1. Over the chain, with a Gaussian network built from C-alpha contacts below 10 Å, which listed residue (69, 29, 47) shows the highest mean-square fluctuation?
2. Build a GNM of the chain with springs between Cα atoms under 10 Å: which of 95, 14, 60 gets the top mean-square fluctuation?
3. For the chain, report the % of Cα-Cα distances exceeding 24 Å.
4. Relative contact order of the chain, please, whole-number percent, based on alpha carbon pairs below 8 angstrom and at least 6 residues apart.
5. On the principal axes of its Cα set, how long, how wide and how thick is segment 64-105? Give whole Å, largest value first.
6. For the pair residue 29/residue 7, report the inter-label distance in nm, with labels modelled 7 Å from Cα in the Cβ direction.
């Protein structure tokens, strides 16, 4: 698991939020992306993917549970603007701590339901 923090470049007309994307995921072409809405106090079911999962909290506060060697629990919110990279073959789930939370998922392969 890896968290990528943004670099804020301040300007007179507004700030730029930049990420140093040296992770191998970003060396491949991003083929698809989607947004997931999560309602307050609700958790999405456990996920287990064959590919790395790259997530960014766009709105609200999201609780994560990830099982690597042991279960890790933490929270990310949209004001932090951190990118979360979950390794492939890792079990995880997420839920909302806000009235409404939105996650952006980036994929190197087309999304298949």
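1. For the chain, modelled as a Gaussian network with Cα springs under 10 Å, the answer is 69.
2. 14
3. Working: 1622 of 6328 pairs.
When all Cα pairs of the chain are counted, 26 percent exceed 24 Å.
4. Taking the mean separation of contacting Cα pairs over the length of the chain, I get 38 percent.
5. 30, 17, 15
6. 2.8 nm
Every number here is computed from the coordinates shown, using simple stated rules; none is lab data. Predicted, not measured: the structure shown is a model, and the values here were computed from it. Counting neighbours? That spans all protein chains shown, and the Cβs are built from the backbone with ideal geometry, glycine included.
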